Amino acid sequence: MMRIRTIEETIAARYPEGEMRTPTHFSIGQEATAVGVCAALKTEDAVYSGHRCHAHYLAKGGNLLGMVAELFGREAGCARGRGGSVHLNDPGVGMIASSAIMGETIATAVGTAFAFAMDNRPHVSVTFFGDGCVEEGIFHESMNFAVMRKLPVLFVCENNLFSVHSPLYLRQPRDIPIYARAQSYGMLAQQVDGNNVEAVYEAAVKGINDIRKKGGPFFLECMTYRWREHVGPLFDTGQGYRTQKEIDHWMARCPIKQASETALSRGACTPDQIKLWKNEYQTEVEKTIQSVVGLPFPDTKGLLEGTYS
Amino acid sequence: MRKLKYWEAISEALVQCMAEDKNIFIAGAGVDDPRGIFGTTLEAYRRFGKDRVFDIPNCENAFAGIATGAAVAGKRPVVVHARDDFMFLASDQIINLMAKWKYMFGGKNSVPMLVRGITGRGWGQGATHSQSLHTMFAHFPGLYVIAPAFPSDVKGLIISALHGNTPVLLFENRACYQIEEEVSEELVPIPFGKARVVREGKDITIVGASLMAYEALRAADILKESGVSAEVIDPRSIRPLDRETILASIAKTGRLVIADTSWNLYGFTAEIAALAAEEGWQYLKAPVRRLAQADCPAPVSKPLEEAFHPTPLSIVKACQSLMELDVDLRKPLTDIQEHFQGPY
């Protein structure tokens, strides 16, 4: 989590320089869902994500240089500078794809699980999506199919309470939590504190065990919160759609702060070690950015490349 | 060589490809039912069973994505829409993801997949059950779009689709299903982007997509009686388009008529006309003529439906105007779907 936070904060700080010409949705504040779930996965398990995909990419083991180079539009980017921040992928480590259209990768994750099931491959397929996707038809179509076919899918809804600037309570029925809608399809489902990485990890492990033992999908609703603006590196309290009080409330429940406190209280590490890790990550990302800036842009001769196989 | 009907050629191509590649499966509403998509999936279901030929819930968009996710994980889906109009529901996944996958994810993996969409025709199918979508989907880079009119072509193109790694959309006009011709028993692929010169001629070029290639052939028969030699070209694949064959024909004849089962505005006929204007203008002895559906949704009532579709006679009339000829149109023609009474 600390590595992801450090990487994203460094990128956010450099974003205003204008070198990263790609709409960027930061995961800052939501790292525990990505890390907790991906810690429960094997390399061969598949992960799909949406527009806010940095944390999922990194937590699944996505190559840092590939991500930074993609943001800088370089040929060395994970999508060769053709995809940008919202289309991160690293299939070699099971990070299959991310997409900027709401709910698209819920269906593709179900499809990959379908392929696993057809071939008796023992893997699970995970789809990360936000509370906004719950309003899309494809969410329901995909859940229905996954249940009917008993597919090994872990649905992970990161409920950060906002779709762009629209609050959840104005978009969905107040009294029916999202995980309950999954239950209405007959799916095993649970809600978890999405800012508590251990709770997310334990729920993911339980979900994956259930998928393996009982067959069929599992649904995890992680309650979390986006600290920064919907898209872009800034804080957006001035915009008036949410209060500073609300943001302070969630920042006090920072997933990294909580995890650090837990680790320290258990004597699992020392404050000095935490500082050391932070420095290591800072050095890693700065070095990566430095090396990426020197890398070539894609050659315009290759503009059409990859359109067809 | 034995003859097959269009639907039999589709069935044979699917069965032969499935026999050689265990990753191919066929999915769609009704593919395993007793009618088996106008017979095209019956034999595959009989041979390979419900694990590889199966019904799905009504979820066109999700299933386009599910098939994409399965294709990326090593499968080779064949998705069937008994009416292609339902592909509008799947167009987000097809256009925003399937078509762009290889490009926008940096070329690492492909989406090998065949999507079949059947265009209704006859018996008052109406506004939402008889549209031709080849022209709309052909707008988007990343897809191959094919709409052949003849049995041997549909077989050969399906083989190419199931041997390749690009997502392919196949549009089958229901009126073509009874067309019969000799079809190779072997697995002989036909390349994308290669037109078929259905009939050679020297006076006028008729380019017809899908059913209109067949109707153009019927028009050419009528024109022949008046001494007009029409060359008929079936592009077979809408994207990529065989520009060379069409241009070579215009160079030979100097006259061009284009017919399509969709609408003129921004469509297939506009594309071919643009090709002639940009690269073939020096060959043209007369203006280009375009024939397509009337510029309204498809009506149901028989006289309206008859007035709606381009026909061999309307193609003949267009050719006649370019040739400054009076062709004797004594014999009224029967519409190819005149006797169609279902199943739908």
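The values are calculated or read from the model by the stated rules, or taken from the named source; none is laboratory data. Model, not experiment: these values are computed from the prediction. Don't worry about glycine lacking a Cβ; one is built from the backbone with ideal geometry, like all the others, and counts go over all protein chains shown. Just the protein is used for accessible areas: all its heavy atoms, side chains included, with ligands, DNA and RNA removed. Shrake-Rupley method; radii C 1.70, N 1.55, O 1.52, S 1.80 Å.
General observations
- In a residue-by-residue description of region A:70-80, the property of being of a type outside the set (A, V, I, L, M, F, W, C) and closer than 30 Å to A:Glu198 by Cβ applies to no position.
- Candidates B:Ala276, B:Ala248, B:Ala259: the one that is over 21 Å from B:His139 (Cβ atoms) and surrounded by 15 or more Cβ atoms within 10 Å (Cβ to Cβ) is B:Ala248.
- The residue that is least open to solvent (accessible area, probe 1.4 Å), among those in region B:199-245 that are touching a His at 6+ places or on another chain (Cβ under 7 Å) and of a type in the set (A, V, I, L, M, F, W, C), is B:Ala209.
- Subset of region B:123-168 (residues that are assigned to a strand (DSSP E or B) and either out of contact with any Lys or Arg (no Cβ under 8 Å at 6 or more places or on another chain) or more than 27 Å from B:Met18 (Cβ to Cβ) (or both)): B:Pro167, B:Val168
- Verdict on B:Gly39 being at pLDDT 95 or above, open to solvent by less than 40 Å² (accessible area, probe 1.4 Å), in contact with a helix residue (DSSP H, G or I) (Cβ under 8 Å, 6 or more places away or on another chain) and assigned to a loop (DSSP other than H, G, I, E, B): yes
- Within region A:107-132, residues that are of a type in the set (D, E, K, R) reach partners that are surrounded by fewer than 24 Cβ atoms within 10 Å (Cβ to Cβ) and assigned to a helix (DSSP H, G or I) with beta carbons closer than 8 Å, at six or more positions or on different chains, in the pairs A:Asp131/A:Leu168; A:Asp131/A:Ile178.
- Residue in region A:157-178 that is charged (D, E, K, R), open to solvent by 10 Å² or more (accessible area, probe 1.4 Å) and in contact (Cβ under 8 Å) with a residue 12 or more places away in the chain present: yes
- Filter pass, B:Glu186 being among the acidic types (Asp, Glu), open to solvent by 10 Å² or more (accessible area, probe 1.4 Å) and away from chain A (no Cβ under 14 Å): yes
- Residue identified as in a helix (DSSP H, G or I), closer than 18 Å to A:Asn195 by Cβ and without any contact (Cβ under 8 Å) to a residue 24 or more places away in the chain among A:Lys245, A:Lys287: A:Lys245
- Pick from region B:41-85, criterion charged (D, E, K, R) and more than 23 Å from the chain's Cα centre (by Cα), ranking: farthest from B:Gly124 (Cα to Cα): B:Lys75
- Taken over region A:1-34, the criterion of being of a type in the set (Phe, Trp, Tyr) and farther than 26 Å from A:Leu220 by Cβ is satisfied by A:Tyr15 alone.
- In the set A:Leu220, A:Leu264, only one residue is touching a residue at least 40 places away in the same chain (Cβ under 8 Å) and within 27 Å of A:Val205 (Cα to Cα); that residue is A:Leu220.
- Residue within region A:226-246 that is open to solvent by less than 30 Å² (accessible area, probe 1.4 Å), over 20 Å from the mean Cα position of the chain (by Cα) and within 14 Å of chain B (Cβ to nearest Cβ) present: no
- Subset of region B:91-120 [open to solvent by 10 Å² or more (accessible area, probe 1.4 Å) and among the charged types (D, E, K, R)]: B:Asp92, B:Lys100, B:Lys102, B:Lys108
- Among residues of region B:248-275 that are in contact (Cβ under 8 Å) with a residue 24 or more places away in the chain, those with a beta-carbon under 6 Å from a residue that is part of a loop (DSSP other than H, G, I, E, B) and acidic (Asp, Glu) at least six positions away or on a different chain give the pairs B:Thr253/B:Asp203; B:Phe268/B:Asp260.
- Number of the exception - B:Asp55 against (1) in contact with a helix residue (DSSP H, G or I) (Cβ under 8 Å, 6 or more places away or on another chain); (2) farther than 18 Å from B:Leu170 by Cβ: (1)
- Those residues of region B:99-145 which are within 14 Å of another protein chain (Cβ to nearest Cβ), among the aliphatic types (A, V, I, L, M) and closer than 18 Å to B:Ile272 by Cβ, in sequence order: B:Ala138, B:Val145
Per-residue answers, yes or no, for (1) more than 7 Å from chain B (Cβ to nearest Cβ); (2) open to solvent by less than 10 Å² (accessible area, probe 1.4 Å); (3) assigned to a loop (DSSP other than H, G, I, E, B):
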| residue | (1), (2), (3) |
| --- | --- |
| A:Gly83 | no, no, yes |
| A:Gly92 | yes, no, no |
| A:Met102 | yes, no, yes |
| A:Ala107 | no, yes, no |
| A:Gly111 | no, yes, no |
| A:Ala115 | no, yes, no |
| A:Pro122 | yes, no, yes |
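- For region A:124-135, the candidate set comprises residues that are β-branched (Val, Ile, Thr) and assigned to a strand (DSSP E or B); within that set, the residue that is nearest to the other protein chains (Cβ to nearest Cβ) is A:Thr127.
- Scanning region B:29-51 for residues that are closer than 18 Å to B:Lys75 by Cβ and touching a Lys or Arg at 6+ places or on another chain (Cβ under 8 Å) gives B:Asp32, B:Ala44.
Yes/no per residue for (1) of a type in the set (Phe, Trp, Tyr); (2) at pLDDT 95 or above; (3) touching a Lys or Arg at 6+ places or on another chain (Cβ under 6 Å); (4) open to solvent by 70 Å² or more (accessible area, probe 1.4 Å):
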| site | (1), (2), (3), (4) |
| --- | --- |
| A:Cys254 | no, yes, no, no |
| A:Lys257 | no, yes, no, yes |
| A:Trp277 | yes, yes, no, yes |
| A:Glu280 | no, yes, no, yes |
| A:Val285 | no, yes, no, no |
| A:Ser291 | no, yes, no, no |
| A:Leu295 | no, yes, yes, no |
| A:Asp299 | no, yes, no, yes |
| A:Leu303 | no, yes, no, yes |
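Quick grid of which residues meet (1) hydrophobic (A, V, I, L, M, F, W, C); (2) farther than 16 Å from B:Arg236 by Cα:
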position	(1), (2)
B:Ser152	no, no
B:Ser160	no, no
B:Leu170	yes, no
B:Glu181	no, no
B:Leu187	yes, yes
B:Gly193	no, no
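- Every residue from region B:44-75 that is more than 10 Å from chain A (Cβ to nearest Cβ) and not in a helix (DSSP H, G or I): B:Gly49, B:Lys50, B:Val53, B:Asp55
- Residue count, region B:139-163 (criterion: under 18 Å from B:Ile94 (Cα atoms), touching a residue at least 12 places away in the same chain (Cβ under 8 Å) and open to solvent by 20 Å² or more (accessible area, probe 1.4 Å)): 3
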